[in-house]
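What follows is one structure encoded as structure tokens, with my remarks underneath.
Coordinate-derived values only; no laboratory data. Just so it is clear, the structure is predicted and the values come from calculations on it, not from any experiment. Here the Cβ positions follow ideal geometry from the backbone for every residue, glycine too, while neighbour counts run over all protein chains shown.
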Amino acid sequence: MTIETKYNIGETRFWVGYDGTWHYGEILGIFITNDDVKYAIKEHEDGNSIFAIYVSESELFPTKEELLRSL
């Protein structure tokens with residue numbers, strides 16, 4: 001089985017957070033669920049710890065300009 005994803009690990013992408021502000025981060029992993037593709041994106045790094053958020057493929061944008069146009 002081949003699954004095509006829109007983005008790749010290591011790329012930086014933009015999204016709107018739950019607080020309504022835009023964010024960006026590096027894709028660390030890709031998770032395939034029954035009905036969605038989710039990306040683990042680095043939000044913050046503190047010493048040896050990396051904190052990630054999971055964002056659906058439909059909520060990610062390649063540039064800040066494209067994200068702002070979608071609002």
Per DSSP, loop chymotrypsin sites (Phe, Trp or Tyr not before Pro) in the chain with at most 11 further Cβ within 10 Å: Tyr18
With n ≥ 4 as the cut-off for DSSP H runs, can you work out [θ] at 222 nm for the chain, using -39500 (n - 2.57) per run divided by the number of residues, rounded to the nearest 500? -2500 deg cm²/dmol
Amide H neighbours of Lys6 under 5 Å, counting only residues 5+ apart in sequence or on other chains, H built in-plane at 1.01 Å? none
Which GluC sites (Glu not before Pro) in segment 1-58 sit in a loop by DSSP (not H, G, I, E or B) and have at most 10 other Cβ atoms within 10 Å of their own Cβ? Glu4
Project the alpha carbons of the chain onto their principal axes and report the range along each, largest first, in whole Å. 36, 36, 19
Whole-Hz ³J(HN,Hα) from phi, Karplus 6.51 cos²θ - 1.76 cosθ + 1.60, for segment 56-67, glycine and proline x: 5, 4, 5, 9, 9, 9, x, 9, 5, 4, 5, 4
